[in-house]
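Enquirer: Here's a structure for you.
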Amino acid sequence: MTLHVEPGILYLAALLVSAAVCGFMGYLAIANSDRRGARTFGTLVGILLLWALTEIVELVTAEPSVAAVARRLRFVFVPFIPVTVLVIALQYTDREEYVSSDTVGLLCVIPAVTVGLVATNPEHGFVWIEGMMVSVPPFSVYEVTYRPWFWIYFAYTQVLIVLAVVLFVRWGVDAEGPYRRQAQYILIGISAPWLGNLIEISGLSDSPIDLGPIVFTITGLCIGVAVFRFQFLDLAPIARDTVVEAMQGAVIVLDEEDRVVDANPAARRLLTTANDDVVGHSVDDVAPAALAAACREADGAETLSLAIDGGERVFDVERSALPGRGRVVLLTDVTEQHRQAEQLERQNERLERFASVLSHDLRNPLNVAQGYADLIEQDDADDEYVDRVESALDRMDTMIDDTLALAREASAVTDPESVDLAAIAEEAWKTVPTGDATLTVTVDCTVPADRGRLVRLFENLFRNSVEHSSTSSRTGSGDSVEHNDSGDLTVRVEGISDGFAVADDGTGIPESEREAVLERGYTTNEGGTGLGLAIVAEIARAHGWTVEVGESEAGGAHIAFHGVEGAPGRETP
């Protein structure tokens, strides 16, 4: 037994489904009226609901006059459907500047004229000629013959639909993630009216049934799925054209629910997920905790530190609210500025230490000199007092030189020249009172450096070796050159894999004191300033080198400098 269903019943069922779908979508639009674009969508499905209801009235009535009124009533709002679809397309593709009252008013001119002409159509018949009831068992529909204005109106609606399709297609070509799924639903929805019109105009269907409410319901359904399933309009590509992909700063766009709406390549490198599809995900799911917290904060600015590629990077974070809802988070890498600020702070600290030395440390030898000078004046003393005054003044002179050097050598080397390491070492050796000590130079390379500072570095190292080293065979105190009565001290300048080193065969530096010797004020010599090796450390730091204090093969001091470009075994970048 074959089940036969009358075409009128099928059409009525389709209209009822359309009405139910539009009614449900309208309810969702009202319930979510605070969402961006929900009101425009609500207007669309409201018009579609009225269209379906008037078609149902026209189908089930047997009176031509009632059917004619239902058709005219339908044309009070149906002409505005293409305008509504185009407005949704403009809103979504970030062209809201065109959605002004003037622009929308202009778009509504032809639909408004159509409404007026339909209302007065019985008098002039410019839209259609009143028709007759045509059977669609078990019902009948009111069929009319369309006149010139209807085709003008029809052509206009097609132009608006085409514009909407073009906007969505241009955007959907490069869409990703939720955008791509949205694009698919929207394009299917907008293509449905085209398909219905093609069927009617091409004559593929000779049925008097109007497919309009059904195909446009498909449009409303697809847009509704995009609105409430894939957050259509909530995940609109806000200001996408202005967020340049090549921006060095990281840009993250969030909606009001802290979901990622957009992220440029610089921002994606900061995110924790390896998946490029970050759009639509909560910022907490795709960003480090510190970055997510910074993105969620209110408008304003702050500084954020993030671990990137094994290093610490510092970012200035700026947040700005969008005209609708949501916000843009801009992260600018300011790591170098922070390093410069820290370097400036260190320099200021050195200046403070310099002032402290001048105001306090120099006061003691000055007081000694002044005291002995008074004794000389009062007692007409012998040369012993004079020697002590001269010694105190000499110490002051040394402290002034070393303190000034410590302050001056700290600034970074910005204009290095290529210098011969061996020649610099031999030059420095000649300027230092070394007694009978000997120098051996085995290094043979040129390095980029500040020549004057490198000479001072070697001078201080040689002076430290001679004054503070003593061998087992040496007699005397061994605290200074004047006490070095033996010539068995050997100082060696040698190359290492990534730099150079100065070693001696003296008593060396105890392991517990090897870090302290590079600090300002550390000395084992009662008359020393404690600045010699501190100056060496500052000069090395100014060149970008690191200093390591150790023990030589002969058991003496071994001071190595690492990270030196042009050194033996190190490739120059």
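Enquirer: May I ask you to evaluate 6.51 cos²θ - 1.76 cosθ + 1.60, the Karplus curve with θ = phi - 60°, for each residue of segment 332-340 and list the ³J(HN,Hα) values in order in whole Hz, giving x for glycine and proline?
Expert: Residue by residue, segment 332-340 yields 10, 6, 10, 4, 5, 4, 5, 5, 5 Hz.
Enquirer: Hey, what do the phi angles of segment 46-52 turn into as Karplus ³J(HN,Hα) couplings, whole Hz, using 6.51/-1.76/1.60 and θ = phi - 60°, x for Gly and Pro?
Expert: Along segment 46-52, the couplings run x, 5, 5, 5, 5, 4, 4 Hz.
Enquirer: What residues qualify as long-range amide H neighbours of Trp128, i.e. H under 5 Å apart, gap of 5 or more or another chain, H built at 1.01 Å from N?
Expert: Counting only residues 5 or more places away or on other chains, the set is Arg147.
Enquirer: At 1.4 Å probe size, with every protein chain present, just tell me what the per residue accessible area of segment 49-104 comes to in Å². Walk me through the intermediate numbers first.
Expert: Values: 2220 Å² over 56 residues.
Value returned for segment 49-104: 40 Å² of accessible area per residue.
Enquirer: Next question. Roughly what would the spin-label model give for Asn348 and Thr414, points 7 Å off Cα along C-beta, in nm?
Expert: Once both label points are built, they end up 1.9 nm from each other.
Enquirer: Give me the percent of the accessible area of segment 1-130 that comes from carbon and sulfur atoms, probe 1.4 Å, all protein chains in place.
Expert: Working: 4290 of 6190 Å².
Ligands and nucleic acids excluded, carbon and sulfur give 69 percent.
Enquirer: Starting from the Cα of Val113, step 7 Å along the direction of its Cβ; do the same at Asp387; then give the gap between the two resulting points in nm.
Expert: Label-label distance for Val113 and Asp387, simple model: 11.9 nm.
Enquirer: Which length gain, in nm to one decimal place, applies between Thr272 and Leu10 when the Cα-Cα distance is subtracted from 0.36 nm times their residue separation? Mind showing how you got there, number by number?
Expert: Working: separation 262, 0.36 × 262 = 94.32 nm, distance 5.36 nm.
Length difference between fully extended and current span is 89.0 nm.
Enquirer: Now a separate question. In nm, what is the difference between 0.36 nm times the number of residues separating Asp309 and Asp444 and their Cα-Cα distance?
Expert: Here the answer is 45.0 nm.
The values are calculated or read from the model by the stated rules, or taken from the named source; none is laboratory data. In this text the structure is predicted, and so the values were computed from the model without any measurement. Because the Cβ atoms are built from the backbone with ideal geometry, glycine has one as well, and the counts that use them run over all protein chains shown. What goes into the accessible areas is simple: the full protein's heavy atoms, side chains included, and nothing from ligands, DNA or RNA. Shrake-Rupley method; radii C 1.70, N 1.55, O 1.52, S 1.80 Å.
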